[in-house]
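Take a look at the structure below.
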Amino acid sequence: MKRREFMKSAAVFVSGAAVSVSALELLDPREVLAKNPDLRWGFLVDTHKCVGCGMCVKACKIENDVPLEANVTRTWVERYVMTKQGEVFKDSPDGAQHGYTTKRIDQNHSGMKDVADEDITQAFFVPKLCNHCELAACVQVCPVGATYSTADGVVLVDRKWCIGCGYCIMGCPYGVRFFHPVVHTADKCTLCYHRISKGGNTACAQACPFGARKLANLRDPNDPVAKIILTQRVGVLRPEYGTKPQCYYIGLNEEVR
Amino acid sequence: MKKHVWRPLFVVIALVVGILLFRAFYVPADFGIQERGYTFGYHRLGNEQEWKNFPEKYKGSAYCADCHEENSASLVKSGHGVIPCEDCHGAAFNHPESPEKLTIDRSRDLCMRCHVQLTMPSSQRNDLPGIDPQEHNVGMECADCHNPHNPSLEDM
Amino acid sequence: MVEQAAQVAQMLVHGEAWTIKDLFVLPNEYVYWSIQIVLYPYMTGLVAGAFVLSSLYHVFGVEKLKEIARFALVFSFALLPVAMLPLLLHLQQPLRGIHVMMTPHFTSAISAFGIVFMTYGVIVASEIWFVYRKFIVESIHRLENKQRTGIDGLLLLIYRIISLGATDLSPAALQADHKATKILAGIGIPVACFLHGYAGFIFGSVKANALWMTPLMPVIFIMSAVVSGIALCIVSYAIFMWLRRWALAQGKNFFLPDQLAGTTNLTVENLKEMQIHETTMTAKYLRIFMILAITLELLDIIFRGYTAVKSWDILRQVIYEHDFVKIFILQYGIGNALPFVMLLLPGLTTRRACVASVLVLFGVFMMRWNVVIGGQAFSLTFDGFMEYHLPIIPHDIETFKEGLGGVLLVFSAPFVIFYFLNMIFPAFYNSDDKAH
């Protein structure tokens, strides 16, 4: 681990130095490493454990002052139902803030869809939230520097500087951003920055009775969650966009996008 | 070329200088390139602290256990032991100062979030005890029969 | 449940009022970029196109376009502030729009907006200054030697300020003006193309959007920009000429500068001749750019269909099913093929050129619509659709801004601005000197 860390730092330093020579990069990579060598927030979702109760969504909205009655949310839970006929149905009514209390699948304008129990081959829930990407597409496209990544890897929005152009909403491949109905700026999951910075857990992870959602410090080899990410087969959503998402999933499959 | 052709250029230079002066006055001093570089870290540094100062609402079950020791201990032993207090009792905010009393959600809707029977192979939902809400004691509250802190009727 | 529904109605989030979701769409997905973002590239396109048209005369010396070139230049300047208007109407925090100039984050395509826009504005303004400097100085002299009414006094003040104190009208000075005009028009073409090409880049670089992401987008945008700009110049030039003819025949003069500049010695016949000549000549250039624009757009669709990557399945449904009428009937049929045939048929009249140009303008508008709205017609997950409904009757400020009201506001603004600008820089002013 130590050796790997060293190689990593060396790589960061060399590439950083190379870039600063070409005068593109304005920061000294040594400073970066010195400042926060041991902290990089990440997240782990175990889709097997999720039961679709939606307590995480409710907790997130209350914790972060996103009105419960507004049809936008920083985190949500999706339901996937696959049938013998090869059909795939997905829904997420109100982002699942009231949980899943019916077998009928909400197809929005096309109404509710009934799927017979005996036709179901597999069915599961997938919680979603901001992936706090290493190379966040939403940050790259902000024209005014109102959204950014912190040194510990959390993507935040400056509510006093955002002009509300919506480019970040368009730029996010995961649909985690929206316009806050009260503040009227772009809004997104902060990974409960106010909680985790004081040693706490995110509101969603804390509200989950089943441990389906977990916060991790990816730089700490002793962090139990980071260990799972390192040692087990985990996936990320839509890696093809090259954003390097830092929210890892256990039990993903092709249908989950 | 005649000298007058440069006059529009002077106007432009004046305009640019004006904008730069205004910028120096307008942009907060802590706005700049931070740790993650220009692409990912160009922002107002003070905003990080603003987010850190955001008020917490959920305090966690350990916070509840500090005072409500008995309730907490009884819950832990039951099948509902995994459920955090605030999922049903609501976010603590600054309880007991404000609010003095929390509003407990005893609704059937709350229980149904986990206990409506859905066919979900490949999900832990299948392992939870489930009911058909159209069949199972319609019109009654769950808490009429089941104690939320010890829900199994056999244990009662 | 009822109470909940009432609350939902009160807390409409941005986009919810005009978006209908079908099948599986993520909770936060709405048509966030609506009509104003359709208008934004449309209006910048008109600005850029009008400027390119005027440059055809100023840089490449296409003598035949002399009369319309001056009009196109002034009209382009009138359109310029209107290209910014849709963006301001769209921003959730319009008062902070200035941040784009204050802390530009150049990894974003939008950040260049302030700077490119200002650069372009400065170039057009300077070019107008050089083209009209002789007129400005002459107007100062004329107004000074005349009994002035209130409006004359105001005009004199404006002319004095914008003359920047440069009153030299010697042949050498005018020659310098001419040269400067040519240089500025030359610089202006790439800047105009950049202004609009980068509007295309704003869309083309969104990797999350399967419809938008193509390197062809900026080029397609530039071509269609030139097409729409030329078409608008034809239509508005012809209309203003008709108005002038009518005014002249009636002995009225609604166009103040005609009188000031002493060009009322023209006859109705002169004007008619000029009108038909300029519109038909311009129509030739319109055809050339139309061919380029349509070729590129078709190339894009063919390429997507042929390569058929993962997103093609949903794109095919959007293009061939959901938006079929909008794309193939309204955009390509009525907006491209029909006017193209109209322009090709022999014996082109002003009226036919105008009708064709109006159709072309409509076609380019539909193209912007199909790109901007079409790009948001499907979910990021490729599993559902979103339908956009333009708010007609405004319920609040948002449905006004992002509805029919906002459209009419944006469409009418350039003509209002042009009306006043034309009083200061008469776009139809005929000077006999060869310089401009």
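One table, with the values for the structure above:
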item	result
Criterion violated by A:Glu118 - all others in (1) over 17 Å from the mean Cα position of the chain (by Cα); (2) not in a helix (DSSP H, G or I) satisfied	(2)
Number of positions in region C:84-134 that are closer than 10 Å to A:Pro143 by Cβ, surrounded by 22 or more Cβ atoms within 10 Å (Cβ to Cβ) and among the aromatic types (Phe, Trp, Tyr)	1
Selection status of C:Phe365, touching a residue at least 40 places away in the same chain (Cβ under 8 Å), over 20 Å from the mean Cα position of the chain (by Cα) and not in a loop (DSSP other than H, G, I, E, B)	no
Any chance C:Val100 is assigned to a helix (DSSP H, G or I) and within 14 Å of chain A (Cβ to nearest Cβ)	yes
Test for A:Tyr100: is it farther than 30 Å from B:Tyr26 by Cα, hydroxyl-bearing (Ser, Thr, Tyr) and either surrounded by fewer than 24 Cβ atoms within 10 Å (Cβ to Cβ) or more than 11 Å from chain C (Cβ to nearest Cβ) (or both)	yes
Residue match in region A:237-246 (condition: aromatic (Phe, Trp, Tyr) and either within 13 Å of the chain's Cα centre (by Cα) or within 14 Å of chain C (Cβ to nearest Cβ) (or both))	yes
Those residues of region C:296-316 which are over 18 Å from C:Ile220 (Cβ atoms) and basic (Lys, Arg), in sequence order	C:Lys310, C:Arg316
Some residue of region A:122-135 being over 13 Å from the mean Cα position of the chain (by Cα) and either assigned to a helix (DSSP H, G or I) or acidic (Asp, Glu) (or both)	no
Test set (1) facing chain B (nearest Cβ under 10 Å); (2) in contact with a strand residue (DSSP E or B) (Cβ under 8 Å, 6 or more places away or on another chain) - A:Arg213 fails condition number	(1)
The listed residue being free of Cβ contacts under 8 Å to residues at least 12 places away in the same chain and β-branched (Val, Ile, Thr), out of B:Thr39, B:Thr103	B:Thr39
Test result for A:Val176, more than 19 Å from C:Val100 (Cα to Cα), crowded, with 24+ Cβ neighbours inside 10 Å and in contact with a Leu (Cβ under 8 Å, 6 or more places away or on another chain)	yes
Whichever residue in region C:19-35 is hydroxyl-bearing (Ser, Thr, Tyr) and part of a loop (DSSP other than H, G, I, E, B) and, among such residues, is nearest to A:Gly95 (Cα to Cα)	C:Tyr30
Residue among A:Lys128, A:Lys90 that alone is buried (at least 23 other Cβ atoms within 10 Å of the Cβ), in contact (Cβ under 8 Å) with a residue 40 or more places away in the chain, of a type outside the set (Val, Ile, Thr) and more than 7 Å from every other protein chain (Cβ to nearest Cβ)	A:Lys128
Selection count, region C:107-143, where residues are in contact with a helix residue (DSSP H, G or I) (Cβ under 7 Å, 6 or more places away or on another chain) and without any contact (Cβ under 8 Å) to a residue 24 or more places away in the chain	6
Any pair with Cβ under 7 angstrom, 6 or more apart, that starts in region B:77-94 at a residue that is hydroxyl-bearing (Ser, Thr, Tyr) and ends at one that is outside any helix (DSSP H, G or I)	B:Ser78/B:His149; B:Ser78/B:Asn150; B:Ser78/B:Pro151
Of residues in region A:158-173 being on the phi < 0 side of the Ramachandran plot and in contact with a strand residue (DSSP E or B) (Cβ under 7 Å, 6 or more places away or on another chain), the one farthest from the other protein chains (Cβ to nearest Cβ)	A:Cys168
Selected residue (criterion: modelled with the lowest pLDDT) from residues of region C:269-284 that are closer than 21 Å to C:Ala337 by Cβ and surrounded by fewer than 20 Cβ atoms within 10 Å (Cβ to Cβ)	C:Thr280
Subset of region A:47-63 [away from chain C (no Cβ under 14 Å), surrounded by fewer than 23 Cβ atoms within 10 Å (Cβ to Cβ) and under 20 Å from A:Thr190 (Cα atoms)]	A:Ile62
Some residue of region A:188-200 being more than 8 Å from every other protein chain (Cβ to nearest Cβ), touching a Lys or Arg at 6+ places or on another chain (Cβ under 6 Å) and buried (at least 19 other Cβ atoms within 10 Å of the Cβ)	yes
Residue in region C:427-435 that is surrounded by fewer than 20 Cβ atoms within 10 Å (Cβ to Cβ), free of Cβ contacts under 8 Å to residues at least 60 places away in the same chain and in contact with a Leu (Cβ under 8 Å, 6 or more places away or on another chain) present	no
Residue check for C:Leu88: without any contact (Cβ under 8 Å) to a residue 24 or more places away in the chain, part of a helix (DSSP H, G or I) and more than 8 Å from chain A (Cβ to nearest Cβ)	yes
Filter result for the condition that a residue is small (Gly, Ala, Ser), within 14 Å of chain A (Cβ to nearest Cβ) and not in a loop (DSSP other than H, G, I, E, B), over C:Ala83, C:Ala125, C:Ala112	C:Ala112
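Here's the yes/no breakdown for (1) surrounded by fewer than 19 Cβ atoms within 10 Å (Cβ to Cβ); (2) within 13 Å of chain A (Cβ to nearest Cβ); (3) of a type in the set (Ser, Thr, Tyr):
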position: C:Gly363; (1), (2), (3): no, no, no
position: C:Asn370; (1), (2), (3): no, no, no
position: C:Gln376; (1), (2), (3): no, yes, no
position: C:Leu380; (1), (2), (3): no, yes, no
position: C:Ile392; (1), (2), (3): yes, no, no
position: C:Gly406; (1), (2), (3): no, no, no
position: C:Ser412; (1), (2), (3): yes, no, yes
position: C:Phe415; (1), (2), (3): yes, no, no
position: C:Phe420; (1), (2), (3): yes, no, no
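Residues are listed down the side, and each one gets a yes or a no for (1) of a type in the set (Lys, Arg); (2) within 21 Å of C:Tyr237 (Cβ to Cβ); (3) assigned to a helix (DSSP H, G or I):
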| residue | (1), (2), (3) |
| --- | --- |
| C:Lys272 | yes, yes, yes |
| C:Phe289 | no, yes, yes |
| C:Leu296 | no, no, yes |
| C:Leu299 | no, no, yes |
| C:Phe303 | no, no, yes |
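The values are calculated or read from the model by the stated rules, or taken from the named source; none is laboratory data. Computed from a predicted model, the values in this text were never measured in an experiment. With ideal geometry, Cβ positions are generated from the backbone for all residues, glycine too; neighbour counts draw on all protein chains shown.
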